[in-house]
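Inspection log for the structure reproduced underneath, given as structure tokens.
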Amino acid sequence: MTQEKEIILAVETSCDETAVAILRDGRELLSNLVFSQIKIHQQFGGVVPEIAARKHLEQVNLLISLALEEAGLTFPQLSALAVTYGPGLVGALLIGVSTVKALAYSLNLPLLGVNHMEGHLYANWLGQEQITFPLVGLIVSGGHTSLIEMRGHGEYLLLGQTQDDAVGEAYDKVARAMGLGYPGGPLLDALAREGNGEALSLPRAWLGEGSFDFSFSGLKTAVLNYLNRASLKGEAVNQADLAASFQASVVEVLVEKTIRVARKKGLPTVLMAGGVSANSSLREQMRKRCEQEGLRLYYPPVEFCTDNAAMIACAAHYRYLKGERADWYLNAIPQLRL
Ligand code: KG4
Ligand code: ZN
């Protein structure tokens, strides 16, 4: 007797990426499409929520059709539909949620709602099923910086989070002040590789003994003050050294706090997730420290660090296996927590 395959189609529209993916049995990616709006938002130096929502509306049905075509499937062959319902921009989220709800209702398919942060964590499970619990997850994105303890699938305990800017937000703001463009993370990362991280002494916010929270606004302000002073004095700024010093400060705090949590709570595995986990220095330093401490480390391939729907489908897969289903009251929740 052949076993029935589970095929989930997932939609992600929480910010400025319209994404659709189809995943078979939690591991086989049959289609993974991302329509990035970056070029549209670049001219404004950041994401404009109304434009993002409008573009999602234009793209989402087309992407769903293309994904099915690429996977060689039709709607009736799907087992379930999943969608990101928060956190994110409310207008943007609503496009995904209402589209997927309408499809699920008309096709009589099970509906699953996925938390975007959970999706980021589950990017690690795409093709990596041997990850074992308990573990500590470091979520670093444009909207979040959190340390999460996971003791099983779908079980989250928040251990620390940013008190002000998210780390990706700090990257984007500093990059904008340096005139690098949007999104600043990857540009600053590339520039930092050419600079000396010890050239400038920038602050590191440890927030007291034993705190697993983060703060990046002081560091951001220190960089802005440095740029202003140089401009007033007519002094040239070594952009690469500034980028490298900013990055060194960010990475040291992220890595050391993660290691401390792992040690204190006896968690043998570290998972990184979110757009900033694509950062070359963060990956390298975390790898080095985890090796020294005898911790196992996982992070997703670069294309699954930033927003995509494959990670949403993967998180939905584990919820589907548990028998979880959303009802027709599923709504966009901009401040949704894990
Ligand atoms: O996870 P993501 O795609 O969207 C959110 O959920 O926020 O993360 C986007 C963030 C942006 O702030 C972007 O600048 C940052 O991730 N980012 C990076 C790198 N690649 C993307 N930050 C630092 N270094 C990178 N290589
Ligand atoms: Zn994200």
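Just so you know, all these numbers are worked out from the coordinates, no wet-lab data involved. The structure presented is a predicted model; accordingly, all values stated were derived computationally and were not measured. Virtual Cβ from ideal backbone geometry, glycine too; neighbours counted across all protein chains shown.
The table below gives the values:
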| quantity | calculated |
| --- | --- |
| Net charge of neighbours whose Cβ lies under 13 Å from the Cβ of residue 261, counting Lys and Arg as +1 and Asp and Glu as -1 | +2 |
| Hits among aspartates and glutamates - C-alpha to C-alpha of residue 39 under 20 Å, sequence gap 8 or more where chains match | 12, 16, 17, 50, 58, 169, 172, 189, 303, 307 |
| Dipole of the chain, positive end: most advanced residue of 21, 134, 77 [Cβ charges, Cα centre] | 134 |
| For region 277-338, alpha-carbon Rg relative to the globular expectation (2.2 N^0.38 Å, N residues) | 1.56 |
| Computed over the chain, the ratio Rg/Rh where both radii use C-alpha atoms and Rh is Kirkwood | 0.99 |
| Set of lysines near residue 257 by C-alpha distance (under 16 Å), chain-local residues within fewer than 8 positions excluded | 265, 288 |
| Region 1-45: trypsin sites (Lys or Arg not before Pro) in DSSP coil with no more than 10 other Cβ atoms inside 10 Å | 5 |
| Positive-end extreme of charge dipole, the chain - chosen from 332, 250, 7 (charges on Cβ) | 250 |
| Per-peptide average of other Cβ atoms within 10 Å, ordering 225-232, 91-98, 14-21, 194-201 highest first | 14-21, 91-98, 194-201, 225-232 |
| Mean projection area, nm², convex hull over Cα of region 131-299 | 9.5 nm² |
| Where only alpha carbons of region 49-184 are counted, the Rg and the Dmax (Å) | 17.7, 51 |
| Span-rule helices in the chain, defined as complete DSSP H runs reaching 30 Å or more along the axis (Cα) with Kyte mean at least -0.5 | 49-71, 239-265 |
| Point-charge dipole on Cβ atoms (K/R +1, D/E -1) for the chain, about Cα centre, debye to 20 | 480 debye |
| Principal axis dimensions, region 14-95 - Cα atoms, whole angstrom, descending | 40, 22, 21 |
| Two-decimal log10 I(q)/I(0) for region 117-170, as the Debye equation yields it once each C-alpha is a single scatterer, q = 0.24 Å⁻¹ | -0.94 |
| Charge dipole (debye, nearest 20) of region 163-311; +1 at Cβ of Lys and Arg, -1 at Cβ of Asp and Glu | 340 debye |
| For region 189-259, alpha-carbon Rg over 2.2 N^0.38 Å | 1.18 |
| Computed helical MRE - 222 nm, the chain, DSSP H runs ≥ 4 contributing -39500 (n - 2.57), nearest 500 | -13500 deg cm²/dmol |
